[in-house]
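Trainee: Pasting in a structure now, in structure tokens, and then I'll have a few things to ask.
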Amino acid sequence: MSDHQTSGIRPDGASTQKGKTGLARVMNAFFYSLAGLRAAFRDEAAFRQEVLLAALLIPLACVMPVSGVGKALMIASVLLALIVELLNSAVEALSDRISPDTHELIKKAKDIGSAAVFVALINVPVTWLLVLFG
């Protein structure tokens, strides 16, 4: 197998994923997603902490005496925090790949990603409080 085949990049620079259609594409995307979740859980302490929080809060939301919409909002706020953390981790990984040196634009990108995580985490208690207490 050539380096291009193992890296997922064709010689023309395009992803080997681009040529797949139908179920093969869906299956590849699924396995890439699982690999991303594994990498985030393995390498990102903040993601592990947020997964633990989700493991506690999502079942709790399911048993709260609120409407289905309220439960959905509570769960969605927790999932949003995980999504934003994953995106922030991706920005950080790309930034570190581009240059391990300190650069004002890389710092700016990382700070903005961190701010996005902060806002998503603030959204969790705000949503829960509004659902629970109006």
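The values are calculated or read from the model by the stated rules, or taken from the named source; none is laboratory data. These figures come from a predicted structure and were not determined experimentally. As a convention, Cβ positions derive from the backbone with ideal geometry for all residues, glycine included, and neighbour counts pool all protein chains shown. For the accessible areas, the whole protein counts, side chains as well, though only heavy atoms, and no ligand, DNA or RNA atoms are used. Shrake-Rupley method; radii C 1.70, N 1.55, O 1.52, S 1.80 Å.
Trainee: Just the residues that are outside any loop (DSSP other than H, G, I, E, B) and of a type in the set (S, T, N, Q), please, taken from the range 81-107. Quick ask: steps written out before the conclusion?
Mentor: Within the range 81-107, the first condition is being outside any loop (DSSP other than H, G, I, E, B), and the residues that meet it are 81-98, 104-107.
Correct list: Asn88, Ser89, Ser95.
Trainee: Here are Phe47, Phe31, Phe41: which of them is surrounded by 13 or more Cβ atoms within 10 Å (Cβ to Cβ), closer than 22 Å to Ala93 by Cβ, among the hydrophobic types (A, V, I, L, M, F, W, C) and at pLDDT 95 or above? Write out each step before concluding.
Mentor: On the way: Phe31 fails: surrounded by 13 or more Cβ atoms within 10 Å (Cβ to Cβ); Phe41 fails: surrounded by 13 or more Cβ atoms within 10 Å (Cβ to Cβ).
Every option except Phe47 fails the conditions.
Trainee: Another question, then. Tell me, which residue of the range 81-99 that is among the polar types (S, T, N, Q) and crowded, with 16+ Cβ neighbours inside 10 Å is farthest from Ala54 (Cα to Cα)? Working first, answer last.
Mentor: Applying the first criterion (among the polar types (S, T, N, Q)) to the range 81-99 yields 88-89, 95, 99.
Right, trim to crowded, with 16+ Cβ neighbours inside 10 Å and you get 88-89, 95.
On the way: Asn88: 17, Ser89: 17, Ser95: 27 Å.
Applying the filter and picking the extreme gives Ser95.
Trainee: When you look at Val78, is it in a helix (DSSP H, G or I) and surrounded by fewer than 14 Cβ atoms within 10 Å (Cβ to Cβ), yes or no?
Mentor: So Val78 does not fit the description; no.
Trainee: For Thr102, work out the one condition from (1) over 13 Å from the mean Cα position of the chain (by Cα); (2) among the polar types (S, T, N, Q); (3) open to solvent by less than 50 Å² (accessible area, probe 1.4 Å) it doesn't fulfil.
Mentor: Unmet condition: (3).
Trainee: Just the residues that are without any contact (Cβ under 8 Å) to a residue 40 or more places away in the chain and either touching a helix residue (DSSP H, G or I) at 6+ places or on another chain (Cβ under 7 Å) or within 21 Å of Leu37 (Cα to Cα) (or both), please, taken from the range 99-124. Working first, answer last.
Mentor: Kept after step one, since they are without any contact (Cβ under 8 Å) to a residue 40 or more places away in the chain, are these residues of the range 99-124: 99-116, 118-119, 122.
Matches in the range 99-124: Ser99, Ile106, Ala109, Lys110, Gly113, Ser114, Ala116, Phe118.
Trainee: Hey, can you tell me all the residues within the range 50-75 that are within 15 Å of Leu130 (Cβ to Cβ) and loosely packed, with under 11 Cβ neighbours inside 10 Å?
Mentor: Ser67, Val69
Trainee: For the condition closer than 20 Å to Ile122 by Cβ, touching a residue at least 12 places away in the same chain (Cβ under 8 Å) and of a type outside the set (S, T, N, Q), what is the one hit in Ala81, Ala72, Ala29, Ala40?
Mentor: Just one listed residue meets the conditions, Ala81.
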